[in-house]
Every structure is written in C-alpha cells, then in structure tokens.
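Shown next, in structure tokens, is the structure this report addresses.
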C-alpha cells in the first residue's frame, strides 16, 4: 500500500497491544496469544486497522472492555485513522498460543507449572 510502511505500523500497533491486559492474567493480550491477525486497508487518504482476536473463554466477563481497549490502543497509533476489532473463537484459544515471554511470566507468577 503506497505511502505506508505497514510493517512498521503493525509493530506500533503490537507495541500498544502489549499494554492491554486481561485483569485476571498477568500477561498482555498479545503475548497471551489472543491477537490472531492485524490487517490494514487504505481507503482514500485513511488507513484502517482491522484486529481479529479471541478471548480465553467465550464467557469472559470483561470481553466488552477488552474489545474497546484494543480499538482504543490501535487508534492511538498516529498513522491509523480508524480501527475495528472482530471477535472470533475459531480456532479456540489454548495455552499453546502463549508466547515464550508470556509463558515465562505465567511460570514466574505461579499460574503455570514449568515443564522440564
């Protein structure tokens, strides 16, 4: 997409997403593996950001707040003019989606038993 360094913008979005936490888990939603996809589309002179994400469980009591916060932090990236967040449960989230950094935090917090 002409005029935009989408990889650099994606990295900025990821940086912002790493400041969003599920209040019950000490790992940000990106390292937790809840962000499935970040896409962009240019319409005229506007850059749209589309985030596809999931939750640790369909009955998550803070779902609305997390979705709103993801949209808010995506819009905090200067280049992004509009953002939307799509919630999906396909594939269902499981602990194998947690990054190594996230896993290390879960082990240190006692939420996960280390594997040897």
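State whether one or more residues within segment 26-49 are at positive phi and touching a helix residue (DSSP H, G or I) at 6+ places or on another chain (Cβ under 8 Å).
For segment 26-49, residues at positive phi and touching a helix residue (DSSP H, G or I) at 6+ places or on another chain (Cβ under 8 Å): present.
With a cut-off of at least 3 residues that are without any contact (Cβ under 8 Å) to a residue 24 or more places away in the chain and loosely packed, with under 14 Cβ neighbours inside 10 Å, name the strands (runs of 3 or more DSSP E) lying wholly within segment 33-91.
Result: 35-43.
Could you tell me how many of the residues in segment 1-32 are surrounded by fewer than 12 Cβ atoms within 10 Å (Cβ to Cβ) and either modelled with pLDDT of 95 or more or over 26 Å from residue 107 (Cα atoms) (or both)?
Residues that pass the stated criteria total 6.
The values are calculated or read from the model by the stated rules, or taken from the named source; none is laboratory data. The model shown is predicted, which means the values in this text are computed figures rather than measured ones. All Cβ positions, even for glycine, are placed from backbone atoms using ideal geometry, and neighbour counts span all protein chains on display.
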